[in-house]
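Report on the following structure.
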Amino acid sequence: MDTMMPMGQATRRGRAAAFTDRTLLGRAALDALRKLSPAKLVRNPVIFVTEVVAILVTLLAGLDAARGQGFAFQAGIAIWLWLTVLFATFAEAVAEGRGRAQAESLRRARGEARAKLLVRADDRALWQPRGATELKLGDLVLVEAGDIIPSDGEIIEGIASVNEAAVTGESAPVIRESGGDRSAVTGGTMVVSDWLVVRITAAPGSTFLDRMIALVEGAARQKTPNEIALDILLAGMTIIFLIAVASLVGLASWNGRPPSVPVLAALLVTLIPTTIGGLLSAIGIAGMDRLVRFNVLATSGRAVEAAGDVDVLLLDKTGTITFGNRQAAGFVPAPGVAERELAEAAVLASLGDETPEGRSILAYARERHGTVAPALPEGAKVVPFTAQTRLSGLDLPDGQYRKGAVDSLSGSLGVAIPPALAEAVERIARQGGTPLAVGRDGVVLGAIELKDIVKPGIRERFAELRRMGIRTVMVTGDNRLTAAAIAAEAGVDDFLAEATPEQKLGYIRKAQGEGRLVAMAGDGTNDAPALAQADVGLAMQTGTQAAREAGNMVDLDSDPTKLIEVVEIGKQLLITRGALTTFSIANDVAKYFAILPAIFVASYPELGVFNVMRLASPESAILSAVIFNALIIVALVPLALRGVTYSPVGAAALLRRNLVIYGVGGIVAPFLGIKLIDLFLTLIGVA
Amino acid sequence: MTLIGWAQIALVLACVVAAAVPLGRYMAAVAAGRVTFLAPVERVVYAAAGIDPRQAQGWRGYTLAMLAANAAGFLLLYALLRGQAVLPLNPQGLDGLTPWLAFNTAVSFVTNTNWQAYGGESALSYFSQMAGLTVQNFLSAATGMALALAVCRAFARSGVKDLGNFWSDLVRMTLYVLVPLSLLVGFAFVAMGMPQTLAPFAEATTLEGARQVIPLGPAAFQIAIKHLGTNGGGFFGMNSAHPFEGPTALTSALQIWSQQVIPFALALTFGAIVGDIRQGRALLLVMLAYVLAGTWAVYGSEAGGNPLHLALGIDAAQGNMEGKEVRFGQALVALFTATTTGASCGAVNAMFESFMPLGGLVPLFLIQLGEVLPGGVGSGLYGMLVFALLAVFVAGLMVGRTPEYLGKKVQAREVKLAMLAVLVLPAAILGFTAVALVLPAAVASIPATGPHGLSEMLYAYSSAAGNNGSAFGGITADTPWMDVTLGIAMMLGRFAYAVPVMAIAGSLAAKPRVAESVGSFPTHGPLFVGLLAGVILILGGLQFMPALALGPLAEHVSLLAGKTF
């Protein structure tokens, strides 16, 4: 897989199903009705209470109707209470529906697979046909070109190119081979050429694809720790308001008649946090969905939440922070040689060099000196690189151009390196670069500095992470000096040089001991212990089975820099919950102003002064509050699915902004909303 | 409202804050065992009681010790009140209390409520006052402080069970804080003219030649601890409005100072124990803001006078002076009122029932907000910390991390326990009030009709459940129904709150302390102060709005419309 992919261009899985997609909404509406079953709703205490109250008011309205009394008001309340419940289940259904289409295409990939079960490990000719679901752990199967790999497994023999589009959405085939870090294959992917012998490593029903299907469908969804805590808070508030409303029966009896049950029901439902109660699970599902569309699979919602809490990010140098291959980054001319002359010689010496290093020299010379590489001149002879000479170059009629390791060049030319150049070469090596000497006809012209290039923009990303309160740590096998140089250039906070798997594990344990949460990305088998130890372990899809098992997230694009986005998605999930909770609670202020005067104005007409919204009548006031309370759930569904925008500005600034928008906004919005609904009701003559 | 009035208020509060700063650090030192000048006395106490002060207690051990101490205190006090007729120091030859009244009174003083269903000078012997009530005044206050210290330690420690030792905290807080301060304030009160005597009541002949009995007693020192321990139970029935209990404006000011100084200082003790004084300062500022707001509301409402009187052409320069002592004036009454109800003290220097409806709403609402502003000694701090945890939980999510307070993650267990604690007040206050307002046996206790009657009943249960102890007045408190239900409300308010809080402490102490970063929720700045104040109002106050609308608010708007009840 392409680890050089520029950041931010990782392929996104599928499209975000639009909120306005008709078939999706139709199906969600049906699901919403199905979710009304109290047995299912009881998981959500706030909405469950709303449903119980709705049933009660419906019965009372029916009773009034049967007695031939006026029941329009009660019926109106009952309808809107039911709609409140329905909007809440609808929000969840919409969130779930977005993952479903994707799950179906995955299921198709799984369903068709047939397996060629090998009878003996050493005989590829002898196999029996089996259904993919009949395979047991440890079975050996043969997969040939055109076959779908029947289940997850480890390649024990062979090399093949595999199209993993079914899992990653990326159609360019990748090479899979036995041994090493690319030996894992995923059920549902297709062998495009050659053949593989695979040992099955997943039990039926628990393959990567199965888990992925369950995940995108939300079937395996369990409440996350944070969600549970929030649920408790909401349940607690519901009980408090139940007490407050129930006590009104006694309190209001003191000087007049207690309000009717529908009115009390309306007060209760508007006060309890139905907005967040109705949207809570949709927020969670949407958060997972965002991750899936970002081509990252989390094994649990817990892992996504943990991502938001991460304090330390462990990133591999190669492929994550740097491009991972050496490129030209400077010319150091020998004394008495102009840099341009050196550049031109370097270009000629590299004309026949098709390696990335050679190309990078041409590119650098063009960028820096405008030296355009000429077409290979007539009569030129390319001197290829050999392990013996450790030199390559070009023979032209007017001279022999060579480039290569410094000592090889000086040896082959039989000249000494000038001391000033030797010093520069020494410096390049010390900083982790690779010096290449350039010579022409027995004269050393200078050196080219090759080095591992830090990806553009990564420094800014790290600065951004720092503002988020996250420390970045670069992990590399390089020596300390090299590591320090690259760390400084990339702007990481810390680095781990000459890192062994044990050191990585030790570093993670130490950070955790200090109360920090650690995230890391990895792909090799030797990364597995550290991936398992990290609070968030992002394994690469291209990695080994061991790594994929150890991590709690898998990146299908195998782009380790995505760890940064994963953290942002985790934060966004938590922020959305917090923001809508705050909004929901803040709404109560306006609802009091709408309903309390309406309820008590019969006993104390003077309490009408608290009807600051000047709502038309007690009935319309109560009904408007209930309607607002129901509609706000639908109105906020897009926000719940999209998530509140996160920007890395530091906790204090973020809190201030969100408090203003969702706290103060939550106080103000219902005043406007309820008033508008009241005007509308008055206009159409309902109340 | 006058400038002089506000200057008085500012001066008293400045003295409180000025004293709270060193006192807060001093109490942290006492809690840590770094203050030892009374070590010999401590040793005698420990030896006599058979206590090992170094034995570490987890939250269960600590809580059980607290409950055991309080149960013993309750039984002892109950027996004493019932049997005071045969006990010494009873020069007036008073009878023992009825079982109902003795239950109510014993609960009341054990829970630091000091609701007085009895008339102090006319029902209790000197012995009951000194050996019973005054002893409990110290113990209930020290109990609250000990619990608060345990909670503070829970934030400061990580990965442990040990929250300290209840017995040692109880003894040390009494010896090093309450007793010295009480002596200081008590002598000041004596110097200001309060009686401190064991002589029988004085008899006097009035100018008209009538014979008058003037109650006396060992008042000054009991009154000192009554305020310092935010107990509030007056020596005399009229409490701090009595000429012997609140002789001058200066004594009233000193009483306000005494009520506030320890609760405010404990906020800073919290900061000192967790190693970041700014955290304590933030809590203190929230408390101070509410005291000022409450004072402003009472002051404004009362100084404005009664519109019905104004309409009759009565000079309102003094404002509404009904039920107030001229020697204190509106400003000190307002500050005293906000203080005594915000601080869960319950002493009064004026009659709340005679306040304007909105003026009467303030003390009621301050109690209902959870007695955390600044709250009772100890109980105010741990109540405030419960709100802080909830504030951090709700708003903390908005910074995109699992909420944490002082590096402790706020998770399901803490939220559950915090909600259990927060549930206590609405359940006890609204539940009992709603029942009492329809139950004939209870309704008989209220002479008033209309919203005012509702306010009286609502206030009684608020005061009991909030462990405040002040009375709105007007209510007949000593009936079996009222004695028992108010007693239960007091127990719920104290122990049904404290036990979950201690469970939170146990849970927090066991957690690791997460490192802070710029991504962490800042809990020391103005933003958090505002947020916490808002959360107290919304989570602690909103549920009482319907009840308040039917009580003081209905009375207020009716009054404006010229209607009285």
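Read the figures in this text as sums done on the coordinates, not as results from a lab. Note that the structure is predicted; figures quoted are calculated from it, not measured. Glycine gets a Cβ as well: all are built from the backbone with ideal geometry, and neighbour counts include every protein chain shown.
Separation of the range B:188-203 and the range B:155-187, taken as the distance between their Cα centroids, equals 30 angstrom.
Inter-part distance, the range A:27-56 to the range A:510-587, computed on C-alpha centroids, equals 33 Å. Counting Cβ atoms of other protein chains within 10 Å of each Cβ in B:401-410 and taking the mean gives 4. Simple spin-label estimate for A:Asn526 and A:Lys136 gives 3.6 nm between the two label positions (7 Å along the Cα-to-Cβ direction from each Cα).
Computed from backbone phi with θ = phi - 60° and the Karplus coefficients 6.51, -1.76 and 1.60, the 3J(HN,Hα) list for the range A:547-558 is 5, 5, 6, 6, x, 9, 9, 10, 9, 5, 8, 6 Hz; x is used for glycine and proline. Taking each of B:Lys161/B:Lys409; A:Lys571/B:Lys409; A:Lys317/A:Lys403; A:Lys591/B:Lys409 in turn, the alpha-carbon distance tops 25 angstrom for A:Lys317/A:Lys403; A:Lys591/B:Lys409. Per residue of peptide B:416-426, the mean number of Cβ atoms on other chains within 10 Å of the residue Cβ is 4.
Measuring nothing but how far apart in sequence close Cα pairs (under 8 Å, 6+ apart) lie, relative to its length, the range B:301-405 scores a relative contact order of 20 percent. Across the protein assembly as shown, the volume of the C-alpha convex hull divided among the residues equals 242 Å³ per residue. Calculated [222 nm] ellipticity per residue, helices only, for chain B: -18500 deg cm²/dmol; basis is -39500 (n - 2.57) per DSSP H run with n ≥ 4, divided by all residues, nearest 500. Straight distance only, please: which aspartates and glutamates reach the Cα of A:Lys116 with their own Cα at less than 19 Å, same-chain residues fewer than 8 apart left out? Correct list for A:Lys116: A:Glu134, A:Asp139, A:Glu144, A:Asp147, A:Asp152, A:Glu154, A:Glu157, A:Glu177, A:Asp194. Mind checking which lysines have their C-alpha under 18 Å from A:Lys35, skipping anything on the same chain fewer than 8 residues away? Partners found: A:Lys223.
Using Cβ point charges alone (K and R +1, D and E -1), the dipole size of the protein assembly as shown about the Cα centre works out to roughly 840 debye. Using Stokes-Einstein with the Kirkwood hydrodynamic radius over Cα pairs, what translational diffusion coefficient do you get for the range B:358-486 at 37 °C and a viscosity of 0.692 mPa s, in µm²/s rounded to a whole number? Taking Rh from Cα pairs, D becomes 202 µm²/s.
In terms of other Cβ atoms within 10 Å, A:Trp80, B:Trp481 run from fewest to most in the order B:Trp481, A:Trp80.
How far is the Cα center of the range A:313-351 from the Cα center of the range A:61-134, in Å? The distance from the Cα centre of the range A:313-351 to that of the range A:61-134 comes to 56 Å.
In this structure, the amide hydrogen of A:Ile149, modeled 1.01 Å from its nitrogen in the peptide plane, lies closer than 5 angstrom to those of A:Gly188, A:Thr189, A:Met190, A:Val191, counting only residues at least 5 positions away or on a different chain. Between B:Lys563 and A:Ala463, the modelled label-to-label distance comes to 6.7 nm, taking each label 7 Å out from Cα in the direction of the beta carbon.
What is the extension gain from A:Ser253 to A:Thr318, computed as 0.36 nm multiplied by their sequence separation minus the C-alpha to C-alpha distance, in nm to one decimal? It would help to have the intermediate numbers written out before the result.
Numbers: separation 65, 0.36 × 65 = 23.40 nm, distance 7.52 nm.
Here the segment from A:Ser253 to A:Thr318 would lengthen by 15.9 nm.
For chain A, the longest piece that avoids every one of the trypsin sites (Lys or Arg not before Pro) found in DSSP loops with at most 13 other C-beta atoms within 10 Å covers A:137-613.
May I ask you to derive the relative contact order of chain B, considering only C-alpha pairs under 8 Å and at least 6 residues apart, and to give it as an integer percent?
19 percent
With neighbour counts taken as other beta-carbon atoms within 10 Å, the residues A:Glu502, A:Glu144, A:Glu568, B:Glu371 rank, fewest first, as A:Glu502, A:Glu144, A:Glu568, B:Glu371.
The packing ranking of peptides A:602-608, B:223-229, highest mean first, is B:223-229, A:602-608, where packing means the average number of other beta carbon atoms within 10 angstrom of each residue.
Placing unit charges on the Cβ atoms only, positive for Lys and Arg and negative for Asp and Glu, gives the range A:506-653 a dipole magnitude near 320 debye about its Cα centre. Each peptide in A:146-154, B:513-521 receives the mean, over its residues, of other Cβ atoms within 10 Å, and ordering these scores from highest gives A:146-154, B:513-521.
Here's how it looks for A:Phe331: its modeled amide H is under 5 Å from those of A:Glu449, which are all 5 or more places away or on a different chain. Rg/Rh for the range A:113-212: what does it come to with C-alpha atoms and Rh from Kirkwood? Here Rg/Rh amounts to 0.93. Across peptide B:509-521, the average count of Cβ atoms from other chains found within 10 Å of a residue's Cβ is 6. When each of B:Phe336, B:Phe74 is scored by the number of other beta-carbon atoms lying within 10 Å, the sequence from fewest to most is B:Phe74, B:Phe336.
Here's the picture: charge each Lys and Arg Cβ at +1 and each Asp and Glu Cβ at -1 in chain A, and of A:Gly469, A:Ile156, A:Ala630 the one pushed furthest to the positive end of that dipole is A:Ala630.
Placing +1 on each Lys and Arg Cβ and -1 on each Asp and Glu Cβ, with no other charges, gives the range A:305-344 a dipole about its Cα centre of roughly 280 debye.
Projecting the Cα atoms of B:Ala141, A:Pro618, B:Ala131 onto the charge dipole of the protein assembly as shown (Cβ charges, centred on the Cα centre) puts B:Ala131 farthest toward the positive pole. Here the range A:521-613 is treated as an ellipsoid with the same Cα gyration tensor; its semi-axes, largest first and in whole Å, are 57, 11, 8.
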